[in-house]
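Values quoted throughout were computed directly from the atomic coordinates according to the rules given, and no laboratory measurement underlies them. This one's a predicted model, so the numbers in the text were calculated from it and none came from an experiment. Glycine gets a Cβ as well: all are built from the backbone with ideal geometry, and neighbour counts include every protein chain shown.
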Amino acid sequence: MGYSLQGKLLEVCSCGGLCPCWVGDDPDGGTCDTIVCWHYDKGHINDIDVAGLTFALVAHIPGNILKGNWKAVVHVDSKATPKQKEAMLAVHTGKLGGPLADLAPLIGEVLGVYDAPIEFRVVEGKGTIRIGTAAYAEMAPYVDAKGRPTKLVDTIFSTIPGAPAYVGKATRNKVSIPEHKMAWEFSGRNAILGEFSFEG
């Protein structure tokens, strides 16, 4: 029982670079609108194989990220079977403990849970997210003088606890979920890319 998950993270938000939330500061403008996607390259949850699937949140964060009260719309990969979906929701709502259980209490209200086709691509360090007709984003990491991605480590907040994040910039970040009053479009704002290994 429990879970073991390895994969990649793509995340964009309304803040400028670099993201203040990861270091515990208030978001730019006082609130944050974000898309967060975890793609499982391999792994299992309660002995259920979830390799190749993606779990995504579109969320409004009303203040400092550590104070929680996020309003979130959840999207589960439409390729998931009912058992896989149940397992993914269990792990991301903290029911199975481990590092993901630390994130779950930050969500104050789940506005909806939907199945959606999720396109998750990382090519040559650049990432693209497409969640049905609800959300789209494309991003690339900042790099050093030798072209290596700029890392963010040992932060007070992380959507991939225990792993370094690659900070970057999103050329596009667009959301249209009118039924939950979520709609925005940004360019040149914060992005985070990363790899994770979760055990719980």
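Below, the figures for the structure above:
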quantity	calculated
Under-5 Å amide H pairs with ALA191, H placed in peptide plane, nonlocal only	GLY168, LYS169, ALA170
Using θ = phi - 60° and Karplus 6.51 cos²θ - 1.76 cosθ + 1.60, couplings along segment 99-112 (whole Hz; Gly, Pro as x)	x, 6, 5, 6, 7, 3, x, 6, 8, x, 8, 8, 7, x
Pairs beyond 20 Å (Cα-Cα), from LYS126/LYS174; LYS83/LYS174; LYS126/LYS169; LYS71/LYS174; LYS42/LYS79	LYS83/LYS174
From phi via Karplus (6.51, -1.76, 1.60), per-residue ³J(HN,Hα) for segment 17-31 in Hz, x at Gly/Pro	x, 7, 4, x, 4, 5, 9, x, 7, 5, x, 4, x, x, 9
Charge sum, other residues only, whose C-beta stays under 14 Å from LYS83's C-beta, Lys/Arg counted +1 and Asp/Glu -1	-3
Qualifying GluC sites (Glu not before Pro) in segment 94-140, DSSP loop, other Cβ atoms within 10 Å at most 16	GLU124
Within segment 79-168, trypsin sites (Lys or Arg not before Pro) in DSSP loop having at most 14 other beta-carbon neighbours inside 10 Å	LYS79, LYS95, LYS146
For segment 3-195: relative contact order, % (alpha-carbon pairs under 8 angstrom, 6 or more apart)	22 percent
Dipole of the chain, positive direction: furthest Cα of ALA101, THR128, LEU18, with charges on the beta-carbon	THR128
Inter-site label distance for ASP25 and GLU179 at 7 Å from Cα along Cβ, in nm	3.8 nm
Burial ranking of peptide ranges 21-28, 179-186 (average Cβ count within 10 Å, highest at the top)	21-28, 179-186
The chain, dipole about Cα centre (Lys/Arg Cβ +1, Asp/Glu Cβ -1), debye to the nearest 20	340 debye
Rounded to whole Hz, the Karplus (6.51, -1.76, 1.60) HN-Hα couplings of segment 71-88, x for glycine and proline	9, 10, 10, 9, 10, 10, 3, 5, 6, 6, 6, x, 5, 5, 4, 4, 5, 5
Computed [θ] at 222 nm, deg cm²/dmol, the chain (DSSP H ≥ 4; -39,500 (n - 2.57); rounded to nearest 500)	-2000 deg cm²/dmol
Share antiparallel - DSSP beta bridges, the chain, percent rounded to 5	90 percent
